[in-house]
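Worksheet: the structure to be examined is printed underneath.
The values are calculated or read from the model by the stated rules, or taken from the named source; none is laboratory data. Since we're looking at a predicted model, the values are computed, not measured. Glycine also receives a Cβ, built like all others from the backbone with ideal geometry; neighbour counts cover every protein chain displayed.
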Amino acid sequence: MAELRVEHPSVVVVLGSREACDAFDVPDGTTPMRIAPGELMLVDAPGVAEVRVPTGSAPWVEDVSDAWVALVLEGVDALDAFARLSELELPVDGWIQGEVVRAAAKVLVAGDRVAILVPAMLATHVEDRIRTDAAEVLDS
Amino acid sequence: MGTIEFEGRPVSFEQGDTIASALYRAGVRTFSRSLKYHRRRGLYCGTGDCPNCLMTVDERPAVHTCTAPCAEGMRIERPGGFPNAERDLLHVTDSLHRVMPVGFYYKTFVRPRFAWPIAERVIRRATGLGALPPTTAATRQVVRHEHVGTLVVGAGIAGLDAARDAGAGGTVLVCDEGRIGHAIAPGTTADRLAELAADVRSLENVAVLEGFTALGIYEGLHVPLAGDGELVHVHPSRVIVATGAVEEHGVFPGNDLPGVMLGRAAAGLAGIHGVRPGERAVVVVRTGEGIDHLRALTAAGVEVVAVAVSTALASRLPSDGVGEIVVDGDVLEARGGSSLRSVALRRDGRGKRFDCDLLVLSLGLSPRDGLARMALPGEPVTLVGDAAGETRHDGRCGHDGTVCLCEDVSIHDLEQAWDEGFRNAEILKRYTTTTMGPCQGAMCGRALACFAASHADGRSHPPEGTDAPRTTARPPTRPVTLESLAAGVHEIVDKRTSLHELHVSAGAQLDRSGGWLRPFSYGDWRGEYRAVRERVSVMDVGTLGKFTIAGPGADELVDRLFPCRTDDLEPGRNRYVLTLDEAGYVMDDGLLGRADEGDWYLTSTSGGAGRMDARLRNLADRLELDAHVLDRTAQWGAINVAGPYARDLLERLTDDPIGAEAVPSRGFADVTVAGVPCRAVRTGFVGELAFELHHPRRRGPGLWRELVDAGREWDLRPHGLDALELLRLEKGHVYLGQDTMPDDTPAKLRMSWAVDMSKPWFVGKQALERMSSLPPSRRQVGLEFSGGPADTAALRGEPLIVRGTVVGRITSAERSIALDRAIGLGWVRTVDGGFPERLETGSGATARVVPTPFYDPKGGRMRG
């Protein structure tokens, strides 16, 4: 079975040139999600300071945690539960972006933990659909 | 072992019985009635390919009873027939071929015109494969996706062999529509299959799905598998099709009589279920497995009175117990009434008749390769086993009899269609509906191809061993339930703002708008309207698209995208902007504000946020600008505080300056309201003093509560979209989409003021320049109505008419509360070179074209 939790992780976005994103100092233990050549997203990245008025070639760095909600599936059936929600092929450990129950999502996978990061306004829709579509493998 | 209920009477079944085997054991011989002529149809293929055994099982129509296992208490009914399938008075249609020729629905009931709807109703009642239960809810289908290296469709010997080999190099999924080996009689084949199945099941990276049918192969690769209550979308790297072969359908007079049976059906009854399929049999053997079928029949005690055998197999026939042997003999015809009574075989050009109640046909194997034929060229889809065999003519197409069992099409019908000019397999299929029934050509596809090929060159038969082009294979391969088709399809995605729960608890009437679930009213939209016009109100506008556009190239990006000037905007000032596409048509609108050098803030319509985001990013990429787009739609909520006392209300909750200098009309400022950091944006959509407070999403509920609490002094009421509809209409503001057409230019919307054609370049400029020399043909107008319905809103959508000609349409209409007049918006075309000023509506009201805004035309209230 898998457990479903709703979490509100801290999310930081880094906007800059390709080179600036390449050179960005990502904290240890944080999975950098390069969602576009000039855009980097960091989840649970401690110690990253916001830069709202960049100078020179420095990137724009902003905490956008309000924009995202993580629906976390955890347990031996987490991958099975996810397979009922999306056709995305998950990496063994890593991340992927695409459509999950018709919502644009970033999906982070670590062992039997699958975190589906969705825009906050879609969180209720996605949570409802997970509880319906994966009901057979979710802890009640 | 158990009991099922067959049309009200109990029928017992044994371990391993299919529904058909149990019914056959109980003496049932008529399994269905044919679609058109209501001819009796008996058990025929035994492999789930033909339509003969389709019955309604537990209210579920069109179940192949020859492969469906029995379960205690099942209720079985044969569809069709009046009063029932056993004694069917509609069988009279079998003698009315003259009035129901092939393609009769194109030829009959054409005149008088009222005849067809009546005939259609009668035809629908008389035909069909059963009725869907109208009161039974669809069962939920579990949907899941599987990513595998290799998908093997078919778990026979070839399929399992391929799965075992593929399993050595990656993940494998094997599926079969039945249980592995369920239709194989005990013997060496069954033993080999069991051994292979055990091997495959022992492999860790091979999974087996039984009871799942592959519906088709789609680009990708993508193969949906439908099971009982579950739909599995498989995304394989390659597909191996091991679906075997279907026994060839014999075409001769009387070929559809109950008692005429393909070899696998007869051998299955005798060898697997212990049911004797007949007492006296004629057997046709043209395949190796036909010999096995013959042995199974004799072992079950069937008296074989004659065997027609191919020359090649004659030496392999059992030496005794097979009656008369006719080498290289053909079936001339089968005769009978409610079931088979005799068969005539041709030998050396002469016929000989044999009395019998069973005719078993092992005529050949036709690869079940439809699934593989759906793949695009070059896709990694391979055929193995019998499915990889060749479909080639043996020179025998049949001279008469039923070709298509599903649709009741005979050789005679095909001949007639051919004579009418339908002269290849594809159009014969469309005209006669051959291959379009539940079997999807499994039975008749080869016969149709053979017919078309043989007639194409004027021969009576095609040359032996030549290819006959078959019709295109398309999904689904098997009949599929509506539940499976709909499984996992959810078209509605509701976005919610952070204030959703507050709206619910306030009793808001919520509905969908622009992809969001939004309050339309809180119970009294007129009261909400008055709160805005007379006092103060709040509205949840968190649905608006919200963007930061920043970076060294941001100034150029906004200047290139928007048709108005942007370089003259000072920090803290904003401007109404249109977005055009390359054709100069209006795509969206919003407010653009400069926060700082290289830092812009943009709002767009609620439904257009996704498009705006894509447009900004695409243009930045195309122009190679160092500009970055941050979509804040999800990150920031927004509350519009509107009304004459809006500023008074905010002053209660902020220490920051909020006056006309700090936050001027067409300006914005970052302030703190009730402890919440907000970007206060002056707007004018409702025509009153208004501040949109853009704020961090999670702080939204707290901010809303503080505003509502502080607003009690002015009897604050939140307003919804119903009130907004009139508020904006009184100001003459258009709703993009509702009041506009897909090819509206700024000029057609009377918004040329939002375009600066002196700019060197912006998206859509070239198109506008080209169109500027064209005379105006249509434009959007303000309207005032007289003599219309009591409910002015009923005028929405009505045509606008001049001298009997429709020249426009009403897109918005309401009775203005402020002005006590019926007003609206619409579009009109030119009449006699000019735009009409006075028109008639579809319901007879008079519409007069008037200038807008209707309310506060000088905008003094909005500016505060």
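At a glance:
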item	result
Filter pass, A:Leu90 being within 13 Å of chain B (Cβ to nearest Cβ) and surrounded by 18 or more Cβ atoms within 10 Å (Cβ to Cβ)	yes
Those residues of segment B:354-365 which are of a type outside the set (A, V, I, L, M), crowded, with 24+ Cβ neighbours inside 10 Å and in a strand (DSSP E or B), in sequence order	B:Ser362
Of all residues making up segment B:474-489, the number that are within 14 Å of chain A (Cβ to nearest Cβ) and either over 30 Å from B:His64 (Cβ atoms) or assigned to a helix (DSSP H, G or I) (or both)	1
Scope segment B:100-121; condition surrounded by 10 or more Cβ atoms within 10 Å (Cβ to Cβ) and of a type in the set (A, V, I, L, M, F, W, C); matching residues	B:Met100, B:Val102, B:Phe104, B:Phe109, B:Val110, B:Ala115, B:Trp116, B:Ile118, B:Ala119
Segment B:532-560: number of residues that are surrounded by fewer than 24 Cβ atoms within 10 Å (Cβ to Cβ) and away from chain A (no Cβ under 14 Å)	8
Set B:Ala508, B:Ala487, B:Ala473: member being surrounded by 13 or more Cβ atoms within 10 Å (Cβ to Cβ), among the small types (Gly, Ala, Ser) and in contact with a Pro (Cβ under 8 Å, 6 or more places away or on another chain)	B:Ala508
Residues of segment B:694-715 classified as surrounded by 23 or more Cβ atoms within 10 Å (Cβ to Cβ) and not in a helix (DSSP H, G or I), total	2
Residues of segment B:7-39 satisfying the condition of being in a strand (DSSP E or B) and more than 35 Å from the chain's Cα centre (by Cα)	B:Arg9, B:Pro10, B:Val11, B:Ser12, B:Phe13
Pairs with Cβ under 8 Å, 6+ apart, first in segment B:133-145 and at negative phi, second β-branched (Val, Ile, Thr)	B:Val143/B:Val232; B:Arg144/B:Val232; B:His145/B:Val232; B:His145/B:Val234
So A:Pro59, is it within 11 Å of chain B (Cβ to nearest Cβ), surrounded by 22 or more Cβ atoms within 10 Å (Cβ to Cβ) and either more than 19 Å from A:Ala103 (Cα to Cα) or among the β-branched types (Val, Ile, Thr) (or both)	yes
Qualifying residue in segment A:9-23 (condition: farther than 20 Å from A:Gly94 by Cα, within 13 Å of chain B (Cβ to nearest Cβ), touching a helix residue (DSSP H, G or I) at 6+ places or on another chain (Cβ under 9 Å) and outside any loop (DSSP other than H, G, I, E, B))	yes
Subset of segment B:763-804 (residues that are part of a helix (DSSP H, G or I) and either surrounded by 13 or more Cβ atoms within 10 Å (Cβ to Cβ) or of a type in the set (Ser, Thr, Tyr) (or both))	B:Lys765, B:Gln766, B:Ala767, B:Leu768, B:Met771, B:Ser772, B:Thr792, B:Ala793, B:Ala794, B:Leu795
Residue list for segment A:93-102, restricted to those being surrounded by fewer than 21 Cβ atoms within 10 Å (Cβ to Cβ) and at the interface with chain B (Cβ under 9 Å from one of its Cβ atoms)	A:Arg102
Members of segment A:119-140 found to be more than 7 Å from chain B (Cβ to nearest Cβ), in a helix (DSSP H, G or I) and surrounded by fewer than 20 Cβ atoms within 10 Å (Cβ to Cβ), listed by number	A:Glu127, A:Asp128, A:Arg131, A:Thr132, A:Ala135
Given (1) touching a Gly at 6+ places or on another chain (Cβ under 7 Å); (2) part of a helix (DSSP H, G or I); (3) closer than 30 Å to A:Ser17 by Cβ, index of the condition B:Val558 fails	(1)
Subset of segment B:170-203 (residues that are within 36 Å of the chain's Cα centre (by Cα), under 25 Å from B:His222 (Cβ atoms) and of a type outside the set (Val, Ile, Thr))	B:Gly170, B:Leu173, B:Cys175, B:Asp176, B:Glu177, B:Gly178
Pair list, Cβ < 9 Å and 6+ apart or interchain, from segment B:213-238 residues that are over 16 Å from A:Leu85 (Cα atoms) to residues that are of a type in the set (S, T, N, Q) and assigned to a strand (DSSP E or B)	B:Leu221/B:Ser237; B:Leu225/B:Thr213; B:Ala226/B:Thr213; B:Gly227/B:Thr213; B:Pro236/B:Thr150; B:Ser237/B:Thr150; B:Arg238/B:Thr150; B:Arg238/B:Thr382
Filter pass, B:Arg264 being in contact with a helix residue (DSSP H, G or I) (Cβ under 8 Å, 6 or more places away or on another chain) and farther than 25 Å from B:Asp165 by Cβ	yes
Some residue of segment B:192-212 being within 14 Å of chain A (Cβ to nearest Cβ) and not basic (Lys, Arg)	yes
Search result, residues across segment B:567-579 that are surrounded by 16 or more Cβ atoms within 10 Å (Cβ to Cβ), of a type outside the set (A, V, I, L, M) and more than 14 Å from B:Gly667 (Cα to Cα)	B:Thr579
Test: residue in segment A:41-55 that is crowded, with 21+ Cβ neighbours inside 10 Å, within 14 Å of chain B (Cβ to nearest Cβ) and either farther than 27 Å from B:Pro696 by Cα or at pLDDT 85 or above (or both)	yes
Selected residue (criterion: farthest from the other protein chains (Cβ to nearest Cβ)) from residues of segment B:124-145 that are more than 23 Å from B:His64 (Cβ to Cβ) and in a strand (DSSP E or B)	B:Val143
Residue satisfying condition, being within 42 Å of the chain's Cα centre (by Cα) and either touching a residue at least 60 places away in the same chain (Cβ under 8 Å) or not in a helix (DSSP H, G or I) (or both), within set B:Pro253, B:Pro277, B:Pro318	B:Pro253
Residue in segment B:497-516 that is farthest from the other protein chains (Cβ to nearest Cβ), counting only those that are in a loop (DSSP other than H, G, I, E, B) and more than 28 Å from the chain's Cα centre (by Cα)	B:Gly507
Single unsatisfied condition, B:Thr47 versus (1) at pLDDT below 95; (2) touching a Ser or Thr at 6+ places or on another chain (Cβ under 8 Å); (3) surrounded by fewer than 19 Cβ atoms within 10 Å (Cβ to Cβ)	(3)
Selected residue (only one of A:Leu71, A:Leu79 is more than 9 Å from every other protein chain (Cβ to nearest Cβ), under 13 Å from the mean Cα position of the chain (by Cα) and surrounded by 14 or more Cβ atoms within 10 Å (Cβ to Cβ))	A:Leu71
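Matching residues to (1) free of Cβ contacts under 8 Å to residues at least 60 places away in the same chain; (2) in a helix (DSSP H, G or I); (3) surrounded by 24 or more Cβ atoms within 10 Å (Cβ to Cβ):
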| position | (1), (2), (3) |
| --- | --- |
| B:Leu591 | no, no, no |
| B:Ala620 | no, yes, no |
| B:Leu625 | no, no, no |
| B:Leu630 | no, no, no |
| B:Ala638 | no, no, yes |
| B:Glu661 | yes, no, no |
| B:Pro664 | no, no, no |
